[in-house]
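See below for the structure under consideration.
Every number in this text was worked out from the coordinates using simple rules, so none of it is lab data. Computed from a prediction, not measured in an experiment: that's the story for all the values here. Here the Cβ positions follow ideal geometry from the backbone for every residue, glycine too, while neighbour counts run over all protein chains shown.
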2 protein chains.
Amino acid sequence: MDRVINFNAGPSGIPLDVLKKAQEEFLSYHGLGYSIIEASHRTPIFENILFNARDKIKKLYGFSDDYDVLFLQGGASLQFVQIPMNLSTGKKAEYINTGVWTTKAIKEAQIQGINYEVIASSEDTNFDRIPTSYKTDDEADYLYICSNNTIYGTQYKEFPKTKAPLVVDSSSDLFSRKVSLDNIGIFYGGIQKNGGPAGVTMVVIRKDLAERVSDKVPNILRYKTQMKADSMSNTPNTFGIYMLDLMLDWIIEKGGLDKIASLNGEKAKLLYGCIDELDGFYKGHAQRNSRSIMNVSYNIVANKELEPKFVKEAMENGMIGLKGHRHLGGIRASIYNSVSYENVEVLVDFMREFARKNG
Amino acid sequence: MDRVINFNAGPSGIPLDVLKKAQEEFLSYHGLGYSIIEASHRTPIFENILFNARDKIKKLYGFSDDYDVLFLQGGASLQFVQIPMNLSTGKKAEYINTGVWTTKAIKEAQIQGINYEVIASSEDTNFDRIPTSYKTDDEADYLYICSNNTIYGTQYKEFPKTKAPLVVDSSSDLFSRKVSLDNIGIFYGGIQKNGGPAGVTMVVIRKDLAERVSDKVPNILRYKTQMKADSMSNTPNTFGIYMLDLMLDWIIEKGGLDKIASLNGEKAKLLYGCIDELDGFYKGHAQRNSRSIMNVSYNIVANKELEPKFVKEAMENGMIGLKGHRHLGGIRASIYNSVSYENVEVLVDFMREFARKNG
């Protein structure tokens, strides 16, 4: 069977071993005579999967028992709403704006009418960098950032320093590296990049923060409702959580987050190296010190009209998902965990050949 | 391969043909070299699945172009919040309370502080019936009901008469029968009973109602946001929608909703017939004229201590999911579309034998 190389920004590629495992037991989970997709969430069979996934996540990142792991629905977009609803006490909430997703998060804070401030933004340079110059308020209700920007291909190397709870949207670099847990209040992400299918949001929350919520907040949108119910106050996305658990096993087998991060670093180095080597033909969007190791956005500056041709020929060569996001255009290669070093080599060879033929 | 008979209340059984189809193309959808679970939602490949599912639903029920079909996340529980948020204009919202789910919906309306009234309830008889005596207000913002009550096993045979928009939670009898579309405002349900996996909420909404929403409502919780974006304002549960589409094909192959309803009626008649025939040993919870054709809740009144034994022996005989909900206890057989007449015969034979041995 011919499988393509998947550079989709999300939903994205899943390791073949994981897909095969799910396929193998799709009609009968562990020989029980029914698919996990048909299992009740109220049985030990499913609960064990959920509890195990929770434990694996805590262990991979090193979260202490001060934190709880929730599996919610509605994507990052619903977190843009739930975060101010649950964490704002009327003091200032701080946001750093690094692209489309933080802009949306800020918009939802504004709609709720909470007290907030955008303390830094890279909008003036079309979000090509992570801001470095700003002052944080240790007394803020929280400081909100997006760890990695899928569209513009930028990424925090280190999180901002603050004593306020730090809220991190890690949707597009979840499970790609270890992160500093200093003052993490909420660390969350839609899992559809490195964690499996779309439709599950992982939310790691410092337990005490869940107590801030007012009784005017809808019950189902309170974190503490789902904490008390082990993420099953309502029926969770059971198949998505099952796939996530398989993905976590794969990450553990690969050696954990440090090992994964090192591999991801090598892949990014190879791809950025090619872009820099062919400078003048290709050009990366992100400034060098803000480059993401997950999403590499670039243009064919020699002739932008070649970009659709690039995407089409790449597809003919077995590579999908290389068209840039509509906000930025150009080319974007998302090199998530499931994309191997060898896969990036194929892309880089193609890029060299394409530049030679069309340069 | 031995497959069990699945009487789960939800998530529940999926027809073997549907599972096999999904399994077969799990590594490579239509020979494209990637799984549908790995497909971007921003490609025609996935969009076609979503658009087709939408059209099939409109056709199966007969919804006109005044209605839009959305695929959301968060289950019925999030609809309990979104409905008052989007539809309440300050006039009265009416609710009929027929069990746990409507109680939760009423609670969320109360938390939001909207003007609402519970115009009828069957709580005084432990939700064993659908109320028949109440007065509706044609000027209300909406009238809210739950079409079928999974826990207590009751079901509306006909929807209430009102000129106000009728909001129907059909989570547990979705795709099980045709319904009257008179004055339907919103017709919705989590799909995890008759429509596939957990994690997708189908919401059919009369388009004009989506315009009522105030600009103080979170953007992502406005129906009109998702209407404008074809349910893709944020990444939807792509695999869940794909499975739903396969389920809809299966329903169409079976002959559509009228045919399905007729089969469901025969299954229910067989099972209730057995309960009534063995009256004194078994006893159904719901009053006869309120009986659900989807969820059959009953007790072993001869000796309630036999109930765990019943569930255990049934499991040993290849039948799962028969334990009653914790709110009611006893036994519950959910006989959704995927449970065949022959499956119900196996249960009924077992019930007769169990009564003979233990009666």
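Comparing B:Ser133, B:Ser334, B:Ser176, which has the greatest mean-square fluctuation in the GNM of chain B with Cα pairs linked when under 10 Å apart?
B:Ser133
Please sort through the DSSP H helices of chain A and keep those with an alpha-carbon extent of at least 27 Å along the long axis and a Kyte-Doolittle average not below -0.5.
Numbers: long enough: A:257-277 (29 Å, -0.09).
Length and hydropathy pass: A:257-277.
Sketch the reach of a paramagnetic label on B:Glu277 as a point 7 Å from Cα along Cα-to-Cβ, and name the residues of the range B:321-359 whose backbone nitrogen lies under 14 Å away.
B:344-356
How far is it, in nm, from the label point at B:Lys59 to the one at B:Leu270 when both lie 7 Å from their Cα along the line to the Cβ?
So the two model labels end up 3.0 nm from each other.
For the pair B:Glu342 and B:Met232, what calculated FRET efficiency results from E = 1/(1 + (r/R0)^6), where r is the Cβ-Cβ distance and R0 = 35 Å, to the nearest 0.05?
On the way: r = 40 Å, r/R0 = 1.15.
So the FRET efficiency works out to roughly 0.30.
Quick one: which of B:Lys107/B:Lys309; A:Lys228/B:Lys104; A:Lys92/A:Lys161; B:Lys104/B:Lys254; A:Lys224/B:Lys58; A:Lys59/B:Lys193 span more than 27 angstrom between C-alpha atoms? Could the numbers behind the result be given before it?
Details: B:Lys107/B:Lys309 36 Å; A:Lys228/B:Lys104 16 Å; A:Lys92/A:Lys161 17 Å; B:Lys104/B:Lys254 35 Å; A:Lys224/B:Lys58 38 Å; A:Lys59/B:Lys193 35 Å.
Correct reply: B:Lys107/B:Lys309; B:Lys104/B:Lys254; A:Lys224/B:Lys58; A:Lys59/B:Lys193.
Would you mind classifying the range A:74-163 by shape? Square roots of the alpha carbon gyration tensor eigenvalues, ordered a ≥ b ≥ c; an a/c under 1.5 is rounded, otherwise it is prolate if a/b is larger than b/c and oblate if not. Walk me through the intermediate numbers first.
On the way: a/c = 1.82, a/b = 1.26, b/c = 1.45.
Verdict is oblate for the range A:74-163.
Using only atoms on other chains, find how many Cβ atoms lie within 10 Å of each Cβ of peptide A:193-203 and report the average. Mind dumping the intermediate values first?
Values: counts 0, 0, 0, 3, 11, 14, 12, 3, 1, 0, 0.
Other-chain Cβ atoms within 10 Å of each residue's Cβ, averaged: 4.
Would you mind working out the magnitude of the charge dipole of the range B:255-358 relative to its Cα centre, with +1 at each Lys and Arg C-beta and -1 at each Asp and Glu C-beta, to the nearest 20 Debye?
About 360 debye.
State, as an integer percentage, the relative contact order of the range B:198-286 based on alpha-carbon contacts under 8 Å between residues 6 or more apart. If you can, show how the numbers build up before the last one.
On the way: 27 pairs, mean separation 15.7, N = 89.
In percent, rounded to a whole number, it is 18.
Which distance in nm do the two modelled labels at A:Ser180 and A:Asp258 give, with both placed 7 Å along the Cα-to-Cβ direction?
Taking the simple label geometry, A:Ser180 and A:Asp258 are separated by 1.8 nm.
May I ask you to report, in nm to one decimal and beginning with the shortest, the distances from A:Glu277 to the same position in the other copies, taking label points 7 Å along Cα-to-Cβ?
Listed shortest first, these distances are 7.8 nm.
Relative contact order (percent) for chain A, with alpha-carbon contacts under 8 angstrom and 6 or more residues of separation? Spell out each step's value before the answer.
Details: 670 pairs, mean separation 77.5, N = 359.
Averaging sequence separation for qualifying contacts and normalising by length gives 22 percent for chain A.
Identify the residues of the range A:208-232 with backbone N under 11 Å of a label point that sits 7 angstrom from the Cα of A:Asp66 along the Cα-to-Cβ direction, or state none.
Zone members listed by number: A:208-209.
Provide a whole-number value for the mean count of partner chain Cβ atoms within 10 Å of the Cβ atoms in peptide A:72-84.
Details: counts 2, 11, 9, 8, 3, 9, 7, 1, 4, 5, 1, 0, 1.
If you average over the peptide's residues, the count of other-chain Cβ atoms is 5.
Report, for B:Ile252, each distance to the same residue's label point in the other copies, shortest first and in nm; define the point 7 Å along Cα→Cβ.
4.3
Please report, to two decimal places, log10 I(q)/I(0) for the protein assembly as shown at q = 0.06 Å⁻¹ as given by the Debye formula with identical point scatterers on the Cα atoms and no solvent.
-0.36
With the alpha-carbon atoms as the only input, what is the per residue convex hull volume for chain A in Å³?
Values: hull volume 47.2 nm³, N = 359.
About 132 Å³ per residue, rounded to a whole number.
Most fluctuating residue of A:Thr136, A:Thr150, A:Thr235 in a GNM of chain A with Cα springs under 10 Å: which is it?
A:Thr235
Compare the Cα positions of A:Leu209, A:Ser35, A:Ser64 along the charge dipole of chain A (+1 at Cβ of Lys, Arg; -1 at Cβ of Asp, Glu; about the Cα centre) and return the one farthest towards the positive end.
Farthest along the dipole direction, towards plus: A:Leu209.
Quick one: B:Met85, B:Met232, A:Met294, fewest Cβ neighbours within 10 Å first, how do they rank?
Numbers: B:Met85 23, B:Met232 16, A:Met294 30.
Placing the least packed residue first, the sequence is B:Met232, B:Met85, A:Met294.
Which loop-located trypsin sites (Lys or Arg not before Pro) does the range A:53-91 contain, where loop means any DSSP state but H, G, I, E or B and the Cβ has at most 10 other Cβ atoms within 10 Å? Don't jump to the answer; show the numbers that get you there.
Working: sites: A:Arg54, A:Lys56, A:Lys58, A:Lys59, A:Lys91; in loops: A:Lys91.
Passing both the DSSP loop test and the Cβ count: no residue.
Express in whole angstrom the spacing between the alpha-carbon centres of the range A:21-93 and the range A:284-345.
Result: 31 Å between the Cα centres.
Evaluate the charge dipole of the range A:16-253 about its Cα centre and quote only its size in Debye, nearest 20, assuming +1 on the Cβ of each Lys and Arg and -1 on the Cβ of each Asp and Glu.
Numbers: 26 positive and 30 negative charges, 38 e Å.
With only Lys, Arg, Asp and Glu charged at Cβ, the dipole is about 180 debye.
Ignoring GluC sites (Glu not before Pro) that are buried or in helix or strand per DSSP, and keeping those with at most 12 other beta carbon atoms within 10 Å, what is the longest stretch of chain B between them?
Working: sites that count: B:Glu139, B:Glu158.
Segment B:159-359 is the longest.
With springs only between Cα atoms under 10 Å, which of A:Thr201, A:Thr98, A:Thr132 fluctuates most in a Gaussian network model of chain A?
A:Thr132
Identify, among B:Thr162, B:Gly199, B:Phe239, the residue whose Cα sits farthest towards the positive end of the charge dipole of the range B:16-253, taking +1 on the Cβ of Lys and Arg and -1 on the Cβ of Asp and Glu, with the dipole about the Cα centre.
With unit charges placed on the Cβ atoms, the residue in question is B:Thr162.
Please say if the range B:156-243 is rounded, prolate or oblate, where rounded means a/c under 1.5 for a ≥ b ≥ c the square roots of the C-alpha gyration tensor eigenvalues, and otherwise the choice is prolate for a/b larger than b/c and oblate otherwise?
Working: a/c = 2.58, a/b = 1.09, b/c = 2.37.
Taking the square roots of the gyration eigenvalues as a ≥ b ≥ c, the range B:156-243 is oblate.
Which one of B:Phe187, B:Thr89, B:Ala268 is farthest out on the positive end of the charge dipole of chain B, using unit charges on Cβ (Lys, Arg +1; Asp, Glu -1) and the Cα centre as origin?
Projecting each Cα onto the dipole axis, the largest value belongs to B:Thr89.
Is the shape of the range B:255-358 rounded, prolate or oblate, going by the alpha carbon gyration tensor and its root eigenvalues a ≥ b ≥ c, with a/c under 1.5 for rounded and a/b larger than b/c for prolate? Each step should come with its number before you reach the end.
Details: a/c = 1.73, a/b = 1.50, b/c = 1.16.
Prolate, because a/c is 1.5 or more and a/b exceeds b/c.
Return a whole-number percent for the relative contact order of the range A:255-358, with Cα pairs under 8 Å and 6 or more residues apart as the contact set. Mind dumping the intermediate values first?
Working: 119 pairs, mean separation 30.6, N = 104.
Computed over the range A:255-358, the figure is 29 percent.
Please compute, for peptide A:230-241, the average count of beta-carbon atoms on other protein chains lying within 10 Å of each residue's beta-carbon.
Details: counts 0, 0, 0, 3, 9, 11, 4, 11, 5, 11, 7, 2.
That average works out to 5.
Using the 7 Å Cα-to-Cβ label point, sort the distances from B:Lys304 to its equivalents in the other copies shortest first and give them in nm to one decimal.
Copy-to-copy label distances at B:Lys304, shortest first: 7.3 nm.
R0 = 60 Å: FRET efficiency of A:Lys20 with A:Asp215, Cβ-based, nearest 0.05? Numbers along the way, then the final one.
On the way: r = 48 Å, r/R0 = 0.80.
E(calc), rounded to 0.05, equals 0.80.
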